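Below you'll find the structure, written out as structure tokens, and then a few comments.
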Amino acid sequence: MSDLRSGPLWLCIELPALPLEALALPRAAPGEADSDGAHCVVYAQHGARRWVVAGNHPKIGTGEALGSVQARYSDLRVLPRDRAAEAAALQAIGCLAYTLSDRIVLIDDAPRGWFDRPFQAVAVDIAPSLKLFGGLDALLERAGALMATQVYRHRLGVAPTLEAAAVAVRAALTPVTTLDTLEARLSPLPLGVLRWPLPAQELLAGTGHASLGDVLRHDAKSLAARLGREFPLALARLLGRAPDPRPWFTPPARYRRRWDLDAEIDDWQALLFPLRRLFDEFEAYLRARQVMAAQLTVTLARRRTEGEHFVLRTTSPTHDTDVFLRLLRERWNAHPPTAAASELRLRADQFITPPSPQTQLFDDGQQQGEAWNALVDRLRARLGDEALWQPGLHADHRPERSWMPNGDTQAPTTPLPPRPLWLLRRPQRWTPRGPVSGPAERISSGWWDDAPIDRDYYREPTSWVYQDRRDGHWYLHGLWR
Amino acid sequence: MPSRILPEHLLQRRDLWVGTRPAAIAAEPTGHAALDRLLPGNGWPRGALSELIVPRPGVGELGLIVPLLARMTQAGRRVALVAPPHIPYAPALRAAGVDLAQCWVVDANQAADIIWTLEQLLRCPAVGAVAGWLAMADERVQRRLQLAAEHNGDAGGAVGLLLRPLAARQQPSVAALRLALQADAHGTQVEILKSRGGRVGHSVSLVMP
């Protein structure tokens, strides 16, 4: 196979157990696989019929009627499909697949009828990346390693068209890399792997068509006359004879993720486990979009309530979500969440495209700056945003207003009489022990707003005091050293 | 004189301490020459804790450390004041030479938060000096902070200053340097209670502006 391919090559990553894995369930450990309590199945419903679409019991297959399964295993947990959770999980895997290629299509096919499975997969056009990863085998290995970090089971199939790749997964074919061999490889397969609508499939089976090759013998016109115009087109797309336009998956511009917990959890330590998975997904999203985030909102809520928001901010934007997780842990260490939660939500709206890095070989200053930024984040996460501030200057003659938290730190100094190093947060009543001497500094200002002052300040040995000229009382306002 | 009796090659050894000669201690000048002369290393020890016993706010503790803050900030290193009892007044700090852009204040009420904050700041290589007002600090806490101060020993380490109330004077302390402050007529009386590698018992009266 030459490295220069003209057409696409699709890698189809099927997620056969997505309806189950998209839910927040404790996974059955290998050792306890026999205890029925750990088993659960997810069912689809159409009308009054319910059937299993995914489960973790070794003796229950997909497509079995839920009633018969429940009759056999009385303490089985049964859950309905959660389409929103499945879609979110599929998107997360789509983001993850961005490390393989940027041409991605999400496939989310519903069951074709009663007792059928859905088909959920992420298809990646890997043709442009083959050279980068050093060939198909290395790329498949990479894809396998990527999925191994996830909770999702997966099956892989490779073929030159998207539909053929899906067929290759369903039929467990070894990779088909060229269009020339595609028809020969697909012909012996049974019709079911096409996932055509059930009436068409039954009609073909009833007229003696056992394999794909039997269908391919007909010309397009006669097939269209008997089944409908879309079927010859589907075959042409399958074999790469007609274009197969699909919308590319792109990560959404704003990040929203909801996660329903299995039960209400009031111990925040226990929340960190599902949160880690969500944070990993968020990191894949950031990497897929090649952006960084400086703010992330984590919400803990009971079902469909507003919930408690935790806004995590970092001083410098990052794509390393461990930073956010550390901040959250720090925050909860100091102020644990007030209520139990059954739902987690992640939200991020603003992203920053990272500037191209300009690193120097010996750059202590930058390293220190990063260490300091991380420290500021930790302090703010635990103590609150207001707890850390810089004393700054403010252009005002009133002593209590001539400084400001996080005010101007560079303003030119104005020639003022000496000022004390300590300023009291609130002037305290003070009684002179003797006659107060020395030159007074009269500060009379602020007549234009709500806090006018009219005072005579005096310098005592250790304290800075004033007499309020409006009521004659003495106050202590500062300490000199 | 011992230096005449000892052979030269023994004097070269770094692990031999000669009683009359102060051990080499990495230190930052305090900015008060009279005090520097009494301290081993001629200043605040770096990578170590110094304890200042302050009977009440305003006896001169800020005046004592402001030259250090000015020196550090002008050299581009960050300084932090943790849980100060009053507002460190920006115009006065500025007039004393402190670069406000490098000066930070952390408000915290709980002793646990203050200790945690001090620990974090002392461990950060970007911080040159940390002053913390801490009423309660048993030996365990002090050791924690001492370890944090030693954390960046290679890079010189931060100057850690603990400002403690009068009650702390009687408690044991692991600090490398302990000073007791008292206001007097013209400034501040500083008594050296403990000085690792130096001599104790001296007092010096500092005149402050």
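The values are calculated or read from the model by the stated rules, or taken from the named source; none is laboratory data. Since we're looking at a predicted model, the values are computed, not measured. Cβ coordinates were reconstructed from backbone atoms using ideal geometry, including for glycine residues, and neighbour counts include every protein chain displayed.
Check A:Asn406, A:Asn373 and return the single one that is on the phi > 0 side of the Ramachandran plot, modelled with pLDDT under 90 and within 14 Å of chain B (Cβ to nearest Cβ).
A:Asn406
Restricting attention to the range A:409-448, report how many residues are within 48 Å of the chain's Cα centre (by Cα) and either farther than 13 Å from B:Tyr89 by Cα or more than 8 Å from every other protein chain (Cβ to nearest Cβ) (or both).
So the count comes out to 4.
For the range A:86-142, how many residues meet the condition of being closer than 20 Å to A:Thr161 by Cα and not in a helix (DSSP H, G or I)?
20
Anything in the range B:94-117 that is within 11 Å of chain A (Cβ to nearest Cβ) and within 19 Å of A:Arg382 (Cβ to Cβ)? List them, or say none.
B:Trp104, B:Val105, B:Val106, B:Asp107, B:Ala108, B:Asn109, B:Gln110, B:Ala112, B:Asp113, B:Ile114, B:Trp116, B:Thr117
Tell me the residue from A:Ser74, A:Ser68 that is at negative phi, assigned to a loop (DSSP other than H, G, I, E, B) and not assigned by TED's automatic domain parsing to the domain that holds A:Glu14, please.
The match here is A:Ser74.
In the range B:138-156, is there at least one residue being within 12 Å of chain A (Cβ to nearest Cβ) and within 23 Å of A:Leu479 (Cα to Cα)?
no
Sort out which residues of the range A:385-403 are closer than 30 Å to A:Pro336 by Cβ and within 9 Å of another protein chain (Cβ to nearest Cβ), and write them in order of number.
A:Glu386, A:Ala387, A:Leu388, A:Trp389, A:Gln390 - these are the residues of the range A:385-403 that are closer than 30 Å to A:Pro336 by Cβ and within 9 Å of another protein chain (Cβ to nearest Cβ).
So A:Ala24 ticks every box in (1) under 30 Å from A:Arg103 (Cα atoms); (2) surrounded by fewer than 21 Cβ atoms within 10 Å (Cβ to Cβ); (3) at pLDDT 85 or above but one. Which box is left unticked?
(3)
Quick one: which helices (runs of 4 or more DSSP H) lie wholly within the range A:207-324 and hold at least 2 residues that are in contact (Cβ under 8 Å) with a residue 60 or more places away in the chain?
Correct list: A:230-238, A:268-289.
Any idea how many residues of the range A:50-65 are touching a strand residue (DSSP E or B) at 6+ places or on another chain (Cβ under 8 Å) and either among the basic types (Lys, Arg) or assigned by TED's automatic domain parsing to the domain that holds A:Leu130 (or both)?
1
Among the residues of the range B:39-79 satisfying the criterion of being at the interface with chain A (Cβ under 8 Å from one of its Cβ atoms), under 15 Å from B:Val204 (Cα atoms) and part of a loop (DSSP other than H, G, I, E, B), which is farthest from the chain's Cα centre (by Cα)?
B:Val59
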